[in-house]
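Before any comments, here is the structure.
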Amino acid sequence: MAYLPRVMDGLLSRALRSAGAVLVEGPRGCGKTATALQACASSVHLDIDDAAIDTLALDPRLVLDGKAPQLLDEWQVAGTRVWNSVRAEVDRRGLPGQFVLTGSAVPDDDVRRHTGAGRFARLPMRPMSLFESGESSGQMSLSALLAGEHPTASRSPLEVSDLAALVVRGGWPTNVSRSIEDAASANVNYLRSITEVDLPRVDPGRRDPVLAERLLQALARNTAMEHKVARLAVKTHGTDGPIARTTAYDY
């Protein structure tokens, strides 16, 4: 699949001119790695490169010697070690645009890990907008509206049924080329992976995947409004009725 330009392209380019390293954070599958690769001259994928992980323990500079900007994909796999090594290397070189770190998760807090102030720029990344995926012309500009301009746009060719289908498909780059049915199946599997794999990984306490999925569904039904825990608890219902407010708050 050909790379579709993202709004993040310009933001990342600007951040690399002002900081030694840029941390791109966002949910799994939103396109962080693909976007970072467009801006980087070299890359190390720490989730699949066991040799790089072992080398980091011996001499981090042997891993961080790629042509700048160098992508360190899924950096959180190595955690504190790679974070502090990048910070030290940025200080040693004294130049902007040296590294891009991408990751879908935040490692546990570590008192040894420097905050990165003055070395790292942080960019949050989200799934694709309709403009990025090609379903919107982009004529109506939010930044122009905030600047006091009065932009106009022609009537969208999308019908209500088209918009509903795009909501189901979502903004995941890999879904753009899929049928709506296949994209919906992929999204169901994505949510199941969150409740059955990701949640236990970040929260060692016992969590019920079924209950977590029900709560996610309640959040989806109450989007674009204030999230009141009591309302979510009522909406997170199953055969055994709604859950307790304290349980919803805990989840």
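The values are calculated or read from the model by the stated rules, or taken from the named source; none is laboratory data. What you see is a predicted model, and the numbers here were worked out from it, not measured in a lab. In this analysis, Cβ positions are derived from the backbone assuming ideal geometry, glycine residues included, and neighbour counts consider all displayed protein chains. Only protein heavy atoms, including side chains, enter the accessible area calculation; ligands, DNA and RNA are left aside. Shrake-Rupley method; radii C 1.70, N 1.55, O 1.52, S 1.80 Å.
Right, LEU191: on the phi < 0 side of the Ramachandran plot and in contact (Cβ under 8 Å) with a residue 24 or more places away in the chain or not?
Numbers: on the phi < 0 side of the Ramachandran plot: yes; in contact (Cβ under 8 Å) with a residue 24 or more places away in the chain: yes.
Yes: the conditions hold for LEU191.
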Please tell me if ALA36 is in contact (Cβ under 8 Å) with a residue 60 or more places away in the chain, under 12 Å from LEU101 (Cα atoms) and in contact with a strand residue (DSSP E or B) (Cβ under 9 Å, 6 or more places away or on another chain).
yes
Segment 81-109 residues that are closer than 17 Å to LEU16 by Cα and of a type in the set (Asp, Glu), paired with ones that are open to solvent by less than 10 Å² (accessible area, probe 1.4 Å) and at pLDDT 95 or above (beta carbon under 8 Å, 6 or more apart):
GLU89/PHE99; ASP91/GLY20
Where a residue in segment 146-173 is touching a residue at least 12 places away in the same chain (Cβ under 8 Å) and its partner, wherever it lies, is open to solvent by 70 Å² or more (accessible area, probe 1.4 Å) and among the aliphatic types (A, V, I, L, M), with Cβ under 9 Å and at least six apart
PRO151/MET140; PRO151/LEU145; THR152/MET140; ALA153/MET140; SER156/LEU163; PRO173/MET1
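Residue check: is ALA248 in contact with a helix residue (DSSP H, G or I) (Cβ under 7 Å, 6 or more places away or on another chain) and within 23 Å of PRO27 (Cα to Cα)? Talk me through it step by step, then tell me what you get.
Numbers: in contact with a helix residue (DSSP H, G or I) (Cβ under 7 Å, 6 or more places away or on another chain): yes; within 23 Å of PRO27 (Cα to Cα): yes.
It is true that ALA248 is in contact with a helix residue (DSSP H, G or I) (Cβ under 7 Å, 6 or more places away or on another chain) and within 23 Å of PRO27 (Cα to Cα).
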Restricting attention to segment 132-177, which residues are in a loop (DSSP other than H, G, I, E, B), within 22 Å of MET8 (Cβ to Cβ) and either open to solvent by 90 Å² or more (accessible area, probe 1.4 Å) or of a type in the set (S, T, N, Q) (or both)?
SER136, SER137, GLN139, MET140, SER141, SER177
Given the conditions (1) over 30 Å from ARG81 (Cα atoms); (2) of a type in the set (S, T, N, Q); (3) assigned to a helix (DSSP H, G or I), which single one is not true for THR195?
(1)
For segment 224-251, give me each residue that is open to solvent by 90 Å² or more (accessible area, probe 1.4 Å) and either of a type in the set (Phe, Trp, Tyr) or at pLDDT below 80 (or both).
HIS227, HIS237, THR239, ASP240, TYR249
Being in a helix (DSSP H, G or I) and either in contact with a strand residue (DSSP E or B) (Cβ under 8 Å, 6 or more places away or on another chain) or open to solvent by less than 30 Å² (accessible area, probe 1.4 Å) (or both) is the filter here, so list the residues in segment 59-76 that pass it.
TRP75, GLN76
When ARG155 is evaluated against the numbered criteria (1) more than 24 Å from MET1 (Cβ to Cβ); (2) in contact with an Asp or Glu (Cβ under 9 Å, 6 or more places away or on another chain), which criterion, by number, is the only one it fails?
(2)
Selection count, segment 6-40, where residues are open to solvent by 60 Å² or more (accessible area, probe 1.4 Å) and either at pLDDT 95 or above or not charged (D, E, K, R) (or both)
7
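Hey, among the residues in segment 41-58 that are hydrophobic (A, V, I, L, M, F, W, C) and outside any loop (DSSP other than H, G, I, E, B), which one's surrounded by the most Cβ atoms within 10 Å (Cβ to Cβ)?
Selected residue: VAL44.
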Condition (residue is at pLDDT below 85, open to solvent by less than 70 Å² (accessible area, probe 1.4 Å) and farther than 21 Å from ASN189 by Cα) applied to segment 208-223: is it met by at least one residue?
yes
